[in-house]
1. Treating only the Cβ atoms of Lys and Arg (+1) and Asp and Glu (-1) as charged, compute the dipole magnitude of segment 1-87 about its Cα centre; round to the nearest 20 debye.
2. Just to confirm a number: summing +1 for Lys and Arg and -1 for Asp and Glu over residues other than Phe35 whose beta-carbon lies under 13 angstrom from that of Phe35, what do you get?
3. Could you size up the charge dipole of segment 49-95 around its Cα centre, putting +1 on the beta carbon of Lys and Arg and -1 on that of Asp and Glu, and report it in debye to the nearest 20?
4. Rounded to the nearest 5, what is the percent of antiparallel bridges among the DSSP beta bridges in the chain?
5. For Leu58, what is the net charge nearby, where nearby means another residue's Cβ is under 15 Å from its Cβ and Lys, Arg count +1, Asp, Glu -1?
6. Apply the a/c threshold of 1.5 to the C-alpha gyration tensor of segment 72-132 and tell me whether it is rounded, prolate or oblate.
7. Determine the calculated [θ] at 222 nm for the chain from helices alone, applying -39500 (n - 2.57) to every DSSP H run no shorter than 4 residues and normalising by the residue count; nearest 500 deg cm²/dmol.
8. Spelling out what I want: for every residue of segment 71-87, take phi, set θ = phi - 60°, compute 6.51 cos²θ - 1.76 cosθ + 1.60 (Karplus), and round to whole Hz; glycine and proline get x.
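Laboratory data are not the source of any read-out in this text; all were calculated from the coordinates shown. Quantities reported herein were computed from a predicted structural model and do not represent experimental measurements. Neighbour counts are summed over all protein chains in view; Cβ atoms, including those assigned to glycine, are modelled from backbone coordinates with ideal geometry.
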Amino acid sequence: MKKQIVVVGAVLVDGQTVLAARRSEQMSLPGMWEFPGGKIEAGETPEEALARELVEELQCTAEIGAHVETTVYEYERITVSLATYYCTLREGTPRLTEHSEIRWVPAAGLRELDWAPADIPAVERVIQDLQA
């Protein structure tokens, strides 16, 4: 049976743009884009995990908002359950610590990036929501 990992991702929104993070060469799925976030630790709610991950990964704080999407995706060796949430920056400017690149992308341009498969349903939902 495949290892199951439960993770959260932040859909950081600023107007009509969304923050995308490119996975570094040291990470699995190198070069693919994702919503920043990470694993939920024991005793944490998804929202608490996401707030912690944003401080650790991007050195900023954010208001965690509405749930966007939960996707279960089976990769070759693991199964990932990814819950994404809309977020708004509260303090700080996102900084690179783990990813090779971060960029603010207009909602209309999100499909142009090579997204990690687990993130794609959330990408489609975000495009739909922000272009409504």
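1. Working: 7 positive and 14 negative charges, 70 e Å.
It works out to roughly 340 debye.
2. Details: positive: Arg22, Arg23, Arg103, Arg125; negative: Glu34, Glu53, Glu57, Glu69, Asp119, Glu124.
Net of charged neighbours comes to -2.
3. Once rounded to the nearest 20, the dipole reads 100 debye.
4. 70
5. Once all neighbours under 15 Å are counted, the net charge is -3.
6. Since a/c reaches 1.5 but b/c is at least a/b, the shape of segment 72-132 is classed as oblate.
7. -5500 deg cm²/dmol
8. 10, 10, 10, 9, 8, 4, 10, 9, 10, 10, 10, 10, 9, 10, 9, 5, 9
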